[in-house]
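Novice: Structure provided below as structure tokens; questions to follow.
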Amino acid sequence: MAAVQQNFSKMISGQLRNKANEFLNSRKHANNLADILQMFEVETDNYTPLMLTIEVIFTELLKRGDLVQEIVPLKPAEQSPEAEYTRWLRECYETALARILACVMKGRTNSRLQALVTASKLLQVEGKHPLEQSSGYYFPSFRLKNIFTVLLDSDMSMSAPLARFQEFTEYKDVQQYGLKVLSTLAYRKSPTTVYMQNYLELLDKLLISEIATETKTKNNKGGDDHEEEFKVLCGTNAKVPFPYNPGVCRRYANRCWSFACQWPLCSEPRTHRRALLLLVERLMPLLSKPHLATDMLCDSLDAGGPISMLALQGVLELVRRHNVDYPDMYDRLYAMFEPEMFATRYKRRLMHLADIFLSSTHLPESLVAAFAKRLSRLALVACPEDAVGLLQLIANLLLRHPALKRMICYEDTPAIMSSDPYVMEETCAARAGALGSSLWEVAALRRHAAPALSAALAAVLAAADPRPEPFNLSSGDAKQMFDAELKKRFKTIEMNFIRPQGMTAPSGERLMQYWELMA
């Protein structure tokens, strides 16, 4: 069945190609264009050959200038056959664009992606070969508005088309005009959940390039002054450079976020996480008034789970750079370290942020000791790759606070474990009783089955040695640890869990009954 459909698709592609070549080579085959557009009315789930044909036809017509219609003010429209033919081509062009955008919301995924790419490439060609004369840099923003309207008003998630559209958001003109267009579409009193998710994802795609530009500008500050050439989608070979303005992009990004803040972003967990990711990873460096996000971040920090971990990064930014005071910040951070954190994808982010929060050497010893004790207790139940990160974080705490090295315990006897005054269930670090305890959990991990923990344990136990800088928490994942073990060469390989004392099996060994049966 698949082979039949593939052969049928090849046959249709060949027929469309022949019709397109006949139309482009001679006007006597003008009706071929009408026949091709009529094929959009055929019910199918694969419009890819048809859209590729439309792209070839109108790309050539735009380059030739066959769609350019000369309009003189206060003069009636010309009624010559040439003018009538041009007007008919313009009508066909508008019809083709409308039907291509309609295909973005129906059919196979590959067909939907091709519809979006075709509409974007025709926008590019129209920008390079405008339908009307323009003295400055020309960008058909109304075409981009039509594309955004289709992406946002869909009843389904547009994650796949938006991911494909990201290849066009790398161009500075698409980014600047895209943020401007999106700010005009953002005013909705009661948007649907799907609309909010598509809107936030589209805004995220438009801001990726802006963040990269901001970072590059900061890195090059103080260097040689030179005008950087940006990639543009609709730039021609000459003459009129694109007037890219980062300040304009920031202003429109602030406007887009100000509209989004009026929506119920926190009503649905997926939308809430998407909004927080966009805020902490893209928008915080661009906001003109970052302190206005304090309420959203503080409410999210109280929500618990992965949402709290994401909000923690935004709160850290407000505390460090904008002098926002958050009460009981360290107790909130302390309460986040619980066994449930290992089931989230943001656990590495949490450990990295905790390392930043606890980087000061002026923190109380009781607070730092509580964190070190809680991390060591969690390392007992964590998988090896997470335990490595926790132990490295403990080593950093001991390096910054040398007085806490007395907590290092080289024994893990039952007496030490049973008399431990530390209270794991306490959510307040000051009342956890960590100063009277020891890190016997670290000593217990010396008998862990994973060899990858040995380096992290050595870092904790050798914290007394001076180091120029703290440990890096970017340890490998489970796959990297497994590959590292495969590359090792062993002289001896253990074949038994319990070392045998002789040639005879111990008494009560269930395996002996099978030997008796075989005998």
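Novice: Apply the Karplus curve 6.51 cos²θ - 1.76 cosθ + 1.60, θ = phi - 60°, to the phi angles in region 340-348 and return the couplings in whole Hz, x for Gly and Pro.
Specialist: Each residue of region 340-348 in turn: 5, 5, 6, 8, 9, 7, 9, 5, 5 Hz.
Novice: Is the shape of region 272-333 best called rounded, prolate or oblate, per the rule: a/c under 1.5 gives rounded, else a/b larger than b/c gives prolate, else oblate, with a ≥ b ≥ c the square roots of the Cα gyration tensor eigenvalues?
Specialist: Working: a/c = 1.94, a/b = 1.11, b/c = 1.74.
Here region 272-333 falls in the oblate category.
Novice: Let me ask something else about it. If you keep only loop residues by DSSP, which GluC sites (Glu not before Pro) in region 123-174 have at most 16 other Cβ atoms within 10 Å of their Cβ? Mind dumping the intermediate values first?
Specialist: Values: sites: Glu126, Glu132, Glu167, Glu170; in loops: Glu132, Glu170.
Answer by residue number: Glu132, Glu170.
Novice: Also, quick follow-up: Please compute the length gained on full extension between Thr109 and Asn245, using 0.36 nm multiplied by the number of residues separating them and subtracting their Cα-Cα distance.
Specialist: Values: separation 136, 0.36 × 136 = 48.96 nm, distance 3.55 nm.
The span from Thr109 to Asn245 would gain 45.4 nm if fully extended.
Novice: Convert each backbone phi in region 270-280 into a coupling constant with the Karplus relation 6.51 cos²θ - 1.76 cosθ + 1.60 (shift: θ = phi - 60°), then list the ³J(HN,Hα) values in order as whole Hz, x for Gly and Pro.
Specialist: For region 270-280, the Karplus curve yields 5, 5, 4, 5, 4, 5, 5, 4, 5, 5, 7 Hz.
Novice: Can you give me the long-range amide H partners of Leu439? Hydrogens built in the peptide plane at 1.01 Å from N, cutoff under 5 Å, separation of 5 or more residues or another chain.
Specialist: The answer is Ile408, Cys409.
Novice: Let me ask another. Could you check the simple spin-label distance between Asn31 and Asp483, using points 7 Å along Cα→Cβ, in nm with one decimal?
Specialist: 6.3
Novice: Say R0 is 45 Å: what FRET efficiency, to the nearest 0.05, do Ala343 and Glu84 get from their beta-carbon distance?
Specialist: On the way: r = 67 Å, r/R0 = 1.50.
The calculated FRET efficiency here is 0.10.
Novice: I would also like to ask the following. Can you flag which of Lys205/Lys487; Lys63/Lys145; Lys145/Lys347; Lys19/Lys172; Lys189/Lys231 are past 29 Å Cα-Cα? Mind dumping the intermediate values first?
Specialist: On the way: Lys205/Lys487 40 Å; Lys63/Lys145 23 Å; Lys145/Lys347 39 Å; Lys19/Lys172 37 Å; Lys189/Lys231 36 Å.
Result: Lys205/Lys487; Lys145/Lys347; Lys19/Lys172; Lys189/Lys231 exceed 29 Å.
Novice: Read phi for every residue in region 62-70 and hand back ³J(HN,Hα) as whole Hz from Karplus 6.51 cos²θ - 1.76 cosθ + 1.60, θ = phi - 60°, with x for Gly and Pro.
Specialist: 5, 5, 5, x, 6, 9, 6, 10, 6
Novice: When 1/r is averaged over all different Cα pairs and the result inverted, which Kirkwood radius in Å belongs to region 111-195? All intermediate terms of the calculation are to be shown ahead of the outcome.
Specialist: Values: mean 1/r = 0.0721 Å⁻¹.
Over region 111-195, the inverse of the mean reciprocal pair distance is 13.9 Å.
Novice: Applying a 10 Å radius around every beta-carbon, put 274-282, 27-35, 58-66 in order of their mean neighbour count, most first. Don't skip to the answer; put the middle values down first.
Specialist: Details: 274-282: 21.6, 27-35: 14.0, 58-66: 16.3.
Top of the packing list down: 274-282, 58-66, 27-35.
Novice: What order do you get for 397-408, 431-442, 149-160 when each peptide is scored by the mean count of other beta carbon atoms within 10 Å, highest first? Let's see the in-between values first.
Specialist: Numbers: 397-408: 17.9, 431-442: 21.0, 149-160: 15.7.
Sorting 397-408, 431-442, 149-160 by mean packing, highest first, produces 431-442, 397-408, 149-160.
Read-outs throughout are calculated quantities, based only on the coordinates presented, and are distinct from any laboratory measurement. This one's a predicted model, so the numbers in the text were calculated from it and none came from an experiment. Neighbour counts run over all protein chains shown; Cβ positions are idealised from the backbone, glycine included.
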